[in-house]
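The values are calculated or read from the model by the stated rules, or taken from the named source; none is laboratory data. Just so we're clear, the structure is a prediction, and the values are computed from it rather than from any experiment. Neighbour counts are summed over all protein chains in view; Cβ atoms, including those assigned to glycine, are modelled from backbone coordinates with ideal geometry.
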Amino acid sequence: MTSRGGAGVTGVTAGHSSTGFIGRLQRRLPIAPSGGVRTLTPFGYARGMLPDTNQDGIQPNAPVALVTMEIRHPATDSLSDSASREFKQLLINDLPIERQAQDLSWGMTTPGSPPTPVADRFVRYVNRDNTVAASLKSQAVVVETSAYSSFEAFSDIVLRVADARAQVSSIVGVERIGLRYVLEIRVPTGFDGRVEWSNWIDEQLLGPQRLTPGGLALTEWQGAAVFREAQPGKSLIVRYGPGVGQALDPSYHLRRTTPTQTGPFFLMDIDSFWTPPSGSIPEYNRDALISTFQDLYGPARVVFQDMITSRLKDELLRQ
């Protein structure tokens, strides 16, 4: 039996955080793994909550570090050589670079014996900027980007990957569909180098920040909230807390599009996902994928808006 250690996209770690709290937070809960008055939607710089940017760069304090979509399916064999060539040709204009990759998990052994690493090898297709990737794993199709511009643009590449995958080899069923945003909220620090997060983040998320037991200062906290429908279906897991450095490991396989920073940030890790009811495994259906993907974006958008203050919304809009 293999322990996978998390129910979704891997690779988001403590990075440069001085205490590694993000990594510990991931282990605590399984993870899987968007001119004139503008409609207030989160995450995107090209459309939605934040103003347009040109194609030459992203604002230095853009909050989105990584966006991931996962279609999890029953385990299948690797694509045949001919199917792999066809898949690559279908996406040659979008993801022309082919790379071998692997995920490591830990296999369970006899009592008293140390766990042994188990490698899940797969092929990852990447764009020339190294900011968008599609991974064909034995149990999932994963699309991710470190250069998120809008939900519509991300949806477009997700569907192109899913269409190509379904064309070269059938997806036998769907066990989970997930949409995940990893955000780094960065704001100006005070004269002491610290951030008064209550100016930017909703007070309900700030934990025991005003406690000073024995004169000790609070340097970190971590939180997680789980939201579910009454019946199995849509769920939302939000992880949050302050960090130092960056949310993604510096060696992450996608290139960071914003300057590397070493100062404080507030992590928002929003994982919106759907699982079929009653343990069923429905057939893959393109229309159902589109509908579900859009349904998952809604709660992610709303919870982001609820987590930040009006002041932060105004600051982001002005950039």
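Numerical summary
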quantity	calculated
Residues that are in a loop (DSSP other than H, G, I, E, B) and either closer than 23 Å to ARG256 by Cα or modelled with pLDDT of 90 or more (or both), drawn from segment 190-206	TRP200, ASP202
Any chance ALA230 is of a type in the set (A, V, I, L, M), loosely packed, with under 14 Cβ neighbours inside 10 Å and not in a strand (DSSP E or B)	yes
Residue in segment 283-291 that is farther than 22 Å from GLY173 by Cβ, outside any strand (DSSP E or B) and at pLDDT 90 or above present	no
Subset tally (residues that are out of contact with any helix residue (DSSP H, G or I) (no Cβ under 6 Å at 6 or more places or on another chain) and buried (at least 18 other Cβ atoms within 10 Å of the Cβ)) for segment 182-204	9
Matching strands (runs of 3 or more DSSP E) fully within segment 45-147 where at least 2 residues are at pLDDT below 95	64-72, 97-107, 116-126
Extreme residue, surrounded by the most Cβ atoms within 10 Å (Cβ to Cβ), among residues of segment 250-281 that are over 30 Å from ASP202 (Cα atoms) and of a type in the set (Gly, Ala, Ser)	SER280
Verdict on GLU152 being of a type in the set (Asp, Glu) and either within 19 Å of PHE273 (Cα to Cα) or outside any loop (DSSP other than H, G, I, E, B) (or both)	yes
Single unsatisfied condition, TYR284 versus (1) surrounded by fewer than 19 Cβ atoms within 10 Å (Cβ to Cβ); (2) among the aromatic types (Phe, Trp, Tyr); (3) more than 22 Å from ILE71 (Cα to Cα)	(3)
Residue list for segment 116-169, restricted to those being crowded, with 21+ Cβ neighbours inside 10 Å, out of contact with any strand residue (DSSP E or B) (no Cβ under 7 Å at 6 or more places or on another chain) and closer than 14 Å to ARG286 by Cα	ALA164
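Condition check ((1) part of a strand (DSSP E or B); (2) at pLDDT below 85; (3) not acidic (Asp, Glu)) across all residues:
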residue: GLU220; (1), (2), (3): no, yes, no
residue: ALA224; (1), (2), (3): yes, no, yes
residue: LEU236; (1), (2), (3): yes, no, yes
residue: TYR240; (1), (2), (3): yes, no, yes
residue: ALA247; (1), (2), (3): no, no, yes
residue: ARG256; (1), (2), (3): no, no, yes
